[in-house]
């Protein structure tokens, strides 16, 4: 009897040690997957899950499950995500973080119905879950559904507010403008210290046509960030007020590429000699690194062409080493708009550009066909 008890006592630590090692390996697996996800090495994260975790999925930590689901979401691997969803234990499925990650995975993979079904079946819904759904609906051009979800939230956080304003900005209706103004009056004052929220609010007001309200909010804000200037400039351009967009640009101490891009758009809208002079002045002052931005280069070409400086635009276009299709489009559109058919040089320029576009597309098509064959 004594010997049996002694043997049992001696065997107990061995079992415990084995379990401890298993727990340790699962923790290491979760941590390793997170490190790979942070480095955007999602395929590798799934590979180590397949090797070490898939056969023991019911014993994995919730943290490990969220990491593998994140990898599935980023790779848009809906099939694998669904398999994992079906394999995990019911208790794990009810975890708030796992539920949120599952909803995100379905929305990111475009399976809106499954995401909505999962949210509806979740007993304890968090603002984060609603936020994931709202963001997905906005991304899929279903802003009305995002607004409907917002109305279900008892205590929305600042992220929910930002997404509401984004949804309203997408719709651009009188009803959404009224909702934006109503909500902005009800939110806690502390939310106004969030620059992301202020930027979204300015964008919504501008896109819904209430320039005066946006101006009042912008100029009453003590701490302005670059995206706020960008929202105002973009709003002025959309409301055909390019002069005001330029005035806002002149207030920016250290404009970024987005601000400069919008300045060129405003000047292109004006089409004046003064606007052209400003375009040329700013294009000389910006850092050389900005010229690697194809969006900025396209806007600069567009502004030069619309302001009538074809020679400068041609020089910039042909000196650019890496041309993208919108750059070709800006040049061709500018030449067509000038409508100077008696200018042989312009006609030849348009012809050469058209041929370059054709060859560019043809080369890309051949590369694509070779890749899939």
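Inspect all residues belonging to the stretch 114-121 and state whether any of them is farther than 30 Å from residue 169 by Cβ and modelled with pLDDT under 95. Outline the logic, then answer.
Residues of the stretch 114-121 farther than 30 Å from residue 169 by Cβ: 121.
Add one more test, that the residue is modelled with pLDDT under 95, and what stays is 121.
Within the stretch 114-121 (the criterion being farther than 30 Å from residue 169 by Cβ and modelled with pLDDT under 95), the answer is yes, since at least one residue qualifies.
Here are some residues: 46, 35, 102. Which one is touching a residue at least 24 places away in the same chain (Cβ under 8 Å), in a helix (DSSP H, G or I) and either in contact with a strand residue (DSSP E or B) (Cβ under 7 Å, 6 or more places away or on another chain) or farther than 26 Å from residue 167 by Cα (or both)?
46
Collect the residues in the stretch 338-347 that are modelled with pLDDT of 55 or more and loosely packed, with under 12 Cβ neighbours inside 10 Å, keeping them in residue-number order.
Answer for the stretch 338-347, where residues must be modelled with pLDDT of 55 or more and loosely packed, with under 12 Cβ neighbours inside 10 Å: 339, 345.
Exactly one condition in (1) surrounded by 19 or more Cβ atoms within 10 Å (Cβ to Cβ); (2) part of a loop (DSSP other than H, G, I, E, B) is false for residue 240; which is it?
Of everything listed in (1) surrounded by 19 or more Cβ atoms within 10 Å (Cβ to Cβ); (2) part of a loop (DSSP other than H, G, I, E, B), residue 240 misses just condition (1).
Please go through the stretch 75-90 and pick out each residue that is surrounded by 17 or more Cβ atoms within 10 Å (Cβ to Cβ) and part of a helix (DSSP H, G or I). Working first, answer last.
At the first step, the residues of the stretch 75-90 found to be surrounded by 17 or more Cβ atoms within 10 Å (Cβ to Cβ) are 77-78, 80-82, 84-85, 88.
Scanning the stretch 75-90 gives 78, 80, 81, 82, 84, 85.
Residues that are crowded, with 22+ Cβ neighbours inside 10 Å and in contact (Cβ under 8 Å) with a residue 40 or more places away in the chain: does the stretch 264-287 have at least one?
Yes, the conditions are met somewhere in the stretch 264-287.
Where residues in the stretch 302-331 are in a loop (DSSP other than H, G, I, E, B) and either at negative phi or touching a strand residue (DSSP E or B) at 6+ places or on another chain (Cβ under 9 Å) (or both), which of them is surrounded by the most Cβ atoms within 10 Å (Cβ to Cβ)?
Looking at the filtered set, the residue picked out is 307.
The values are calculated or read from the model by the stated rules, or taken from the named source; none is laboratory data. Being a predicted model, the structure only gives us computed values, none of them experimental. Quick reminder, even Gly has a Cβ in these numbers, built from the backbone with ideal geometry, and neighbours come from all protein chains shown.
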